[in-house]
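Report on the following structure.
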Amino acid sequence: MTYFPDYLKTYPNMDSAFPLHIGIHQLERGFRAHRHDFLEFSFCLEGEGWESINNVKHIMRPGTFTFVQPYQVHELFTEPGSKLVLYNCMFSMDLLMEHGAGESLAELIEPSSLDPFTQFSGSAQTQIEFLMRDMLQEYEGNEPWRLTILAARLKELLSRFDRERRKHAPIDMELAGVAATPRKGASVWPIIRYIHRSYQENLTLSDLSQRFGMSVSRISEVIKETTGQTFVHFVHDLRLRHASSLLVSTDNSVVDVALEVGFGSYKTFARIFRERKGMVPLAYRKAKRSGIRTVK
């Protein structure tokens, strides 16, 4: 019997102008194998255990920071008699995809030979705990500049994580001035990132084929292998996620929302939205704003 890990598509606060959620989780029995198209990091506060990312295991103990990239199969295990207590943050890939010059954390969203985890200790561990606690406090509050501070904390935590794990990278990588040698399959990530940046346009497999010098069939294949979805379903998911956010956070008409996220017609948008969400766009907007639990 073939085993497929869960494919998680939602998280709290996903349908908002700033799609990010942070909280504290307590795991007495670990968490089943799963994957998702959003980003996730965790920081262990208490307990002992281990976790597996794409079948590579590492120990978890206080101070362990893990960054899970999109579509990686991830599973957590709790040591018998213990309880893992973790800060856990889930957020959209788009929050790291900034345009313009200067340093960008978008390069973290690519396969790499660097470990997806690191171990903080001493004063560095204390500093990460402070940043996590401050981020959670901002997330749960409603102070001015809340989103600005959340964005800054997100970037600082990921920057400090990457800086710390580079300290433990092989010397030859450090001397080469690169993060690491990409693993097999890394070539798909420029395609995935381009789709994330261009899904609002009239994007086709033929366009991607010309841009990336690959056949249509090969691009279709690698997207399916990476995301577990066909190209069409992948693009629809990105458009619907953006549309859901706009429906909840703006008063734009449904027609304007459909066109903004890349659907060529309202009729197509309404049909696909209802198929995926279980209700029409206006009903979804009313349900979310009134606090009614939606189907998906």
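Just to confirm my filter: which strands (runs of 3 or more DSSP E) fall fully inside the stretch 47-149 and include at least 1 residues that are under 19 Å from Asp162 (Cβ atoms) and open to solvent by 30 Å² or more (accessible area, probe 1.4 Å)?
In the stretch 47-149, 56-60, 117-119 are the strands (runs of 3 or more DSSP E) which contain 1 or more residues that are under 19 Å from Asp162 (Cβ atoms) and open to solvent by 30 Å² or more (accessible area, probe 1.4 Å).
Working carefully through the options Val254, Val280, Val261, find the one that is among the aliphatic types (A, V, I, L, M), within 25 Å of Pro12 (Cα to Cα) and exposed (fewer than 15 other Cβ atoms within 10 Å of the Cβ).
After ruling out the rest, the residue left standing is Val280.
Name the single residue that is most open to solvent (accessible area, probe 1.4 Å) among those in the stretch 1-24 being farther than 27 Å from Lys155 by Cβ and not in a strand (DSSP E or B).
For the stretch 1-24, the residue satisfying everything is Met1.
Just need a number here: residues in the stretch 25-46 that are open to solvent by less than 80 Å² (accessible area, probe 1.4 Å) and assigned to a strand (DSSP E or B).
The qualifying residues number 14.
The values are calculated or read from the model by the stated rules, or taken from the named source; none is laboratory data. This one's a predicted model, so the numbers in the text were calculated from it and none came from an experiment. Every residue, glycine among them, receives a Cβ derived from its backbone with ideal geometry; neighbour counts consider all protein chains shown. Side chains are part of the model used for accessible areas, which takes the heavy atoms of the whole protein and leaves out ligands, DNA and RNA. Shrake-Rupley method; radii C 1.70, N 1.55, O 1.52, S 1.80 Å.
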